[in-house]
Amino acid sequence: MFELASLVILIESIMWAVPFASNPRLAYSGLALLIAALLLFGYVREGVGLRELGLRTDNFFRVLRRVAPALLIFVASVLVIGLAAGTVRLGPKFFSMLLAVPPWALLQQYMLLAFAHRRFRVITGSGRASVIASAALFSLLHFPNPVLTVVCALGGLIWAREYECEPNLLAHSVTHTVASAFLANSLPGWLLKNMVVGYNYFLR
């Protein structure tokens, strides 16, 4: 419980406290290092292999195939909204996101599933309860952005449920990346103001 609470506090501090720091870049770097140290400590303490955590390739396509239908429905939905509003922009920014987002998506998936979800599973003693808890946490960490809060609740449910069946963080990071790229480059501004969370949401 301590490790999970520490991760949430550190992430929330980045989103809500860093913008007010006298040196935001230094504050962000310090908190990021603490998060990295916490993740490393959790990995060492658990004593499990990377394969068990989901950093593996043997089941990549099998997991991707199971998650793909939900991804296709999501992409089709945002494209329909974007086409109706005339705001679909599948240009340089879209393709740059496909190249730049994967490492960030993989880190988020690791924190959500390999770290938080595994600890929720210990706390709740139930796979179903831990799936719901993980999705709720992932959603709340994207507050106050309303669209991201809702989308991440749904995504969190899908990813955590699949992780319970067969863990593969690489497959989930791919779907995370594709979903993010289409979301950011399809919806109109009145619906999706930006892809930012925390205090900076109000500044952009």
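The values are calculated or read from the model by the stated rules, or taken from the named source; none is laboratory data. All values reported here derive from a predicted model rather than from experimental measurement. For neighbour counting, all protein chains shown are included, and Cβ atoms are generated from backbone atoms with ideal geometry for every residue, glycine included. Side chains are part of the model used for accessible areas, which takes the heavy atoms of the whole protein and leaves out ligands, DNA and RNA. Shrake-Rupley method; radii C 1.70, N 1.55, O 1.52, S 1.80 Å.
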Env charge @ THR124, Cβ radius under 13 Å, K,R +1 / D,E -1, value +3
Could you check how much of the accessible area of the chain is carbon and sulfur, as a whole percent, using a 1.4 Å probe? 72
Value of Rg/Rh across region 143-200 [Cα atoms, Kirkwood radius]: 1.02
Cα-based Kirkwood hydrodynamic radius, region 98-137, one decimal, Å: 10.6
Isotropically averaged projected area of region 54-151, using the convex hull of Cα atoms (one quarter of hull area), nm²: 7.8
Sort 159-169, 193-203 by packing, meaning the average of other beta carbons within 10 Å per residue, with the highest value first. 159-169, 193-203
Ranked packing of 66-79, 102-115, most packed first, by mean Cβ within 10 Å: 102-115, 66-79
For the pair ALA37 and ARG25, the simple spin-label estimate (label points 7 Å beyond Cα toward Cβ) gives in nm 2.2
In 10 Å bins starting at 0, how do the alpha-carbon pair distances of region 1-58 split up by percent? 21, 40, 26, 12, 1
Hydropathy at least -0.5 by Kyte-Doolittle, axial extent at least 30 angstrom from the Cα trace: which helices of the chain, defined as entire DSSP H runs, fit? 24-46, 60-85
Per the helix-only model, the chain has a calculated mean residue ellipticity at 222 nm (DSSP H runs of ≥4, -39500 (n - 2.57) each, divided over all residues, rounded to the nearest 500) of -23000 deg cm²/dmol
With a 1.4 Å probe and every protein chain left in place, tell me how much accessible area ILE14 has, in Å² to the nearest 10. 40
Which percent of Cα pairs goes in each bin when the distances of region 17-90 are cut into 5 angstrom slices starting at zero? 3, 12, 10, 9, 9, 10, 17, 19, 9, 2, 0
So what is log10(I(q)/I(0)) for region 98-204 at q = 0.13, 0.18 1/Å, when the Debye sum runs over its Cα atoms only? -0.47, -0.86
Given the Cα-Cα distance of LEU203 and THR149 and 0.36 nm per residue of separation, how much length would full extension add, in nm? 17.7 nm
Hey, what's the chain come to in accessible area per residue, 1.4 Å probe, Å²? 52
